[in-house]
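What follows is one structure encoded as structure tokens, with my remarks underneath.
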Amino acid sequence: MDYTLADLGRITGAKRRSLQLWADARAIIAELPTDHAGTGVHRRFSRDEAIIACILSAFAAQQISIGGLVEIAKSVRSFLSVSATRKMIIEPAIAGDDRWMLVYESWSGGSKVHASPEQPDLKNIRKPGGFAVIICLSNYLGRIEE
């Protein structure tokens, strides 16, 4: 299944213009035949990009810059590339399993995304310039169709 900007707006709660900016900056990446295809061609997004858009909506609500959203999206894309992640974490969260929290950690020199069914240990972010954001995945992925 693929998604239009209107679909992404419905499942993320983000404004259409915000989604357009995310797509223009490549925080979310449209399917190749529809990406920058010109007037009259609506961008289409894969299910993975819809998942990324849902997760980004949590960060956008915290006023994270577009550059920050692009970096977060890269980390989430890498996180999604592991098949066990999809089967054990993402699909259950979409189905409403609220045990899984996504943790995004950032510090000068790096960042990472991981998931935890328990309160995550955040000792590592006590580095200069470090911060973490924790979201309950089912709160943001629950509107994606299975």
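Shown in residue order for region 88-100 are the 3J(HN,Hα) couplings computed by the Karplus curve 6.51 cos²θ - 1.76 cosθ + 1.60 at θ = phi - 60°: 8, 10, 5, 4, x, 5, 4, 6, x, 5, 9, 6, 8 Hz (x for Gly and Pro). For Lys15, the aspartates and glutamates whose Cα comes closer than 13 Å to its Cα, not counting residues fewer than 8 places off in the same chain, are Asp7.
The long axis of helix 16-25 is offset from the longest Cα principal axis of the chain by roughly 80 degrees. Could you tell me how many degrees, from 0 to 90 and to the nearest 10, lie between the Cα long axis of helix 47-60 and the main elongation axis, the longest principal axis, of the Cα atoms of the chain? Helix 47-60 and the main axis of the chain meet at about 60 degrees. Using C-alpha pairs below 8 Å separated by at least 6 residues, the relative contact order for region 1-95 is 29 percent. How far is helix 66-80 tilted off the main Cα axis of the chain, in degrees rounded to 10, range 0 to 90? Long axis of 66-80 versus the principal axis of the chain: about 80 degrees. Note on semi-axes √(5λ) of the Cα gyration tensor in Å: of the candidates (1) 26, 18, 13; (2) 18, 17, 17; (3) 36, 28, 16, the value calculated from this structure sits at (1).
Coordinate-derived values only; no laboratory data. Since the structure is predicted, the reported quantities are computational estimates derived from the model, not experimental observations.
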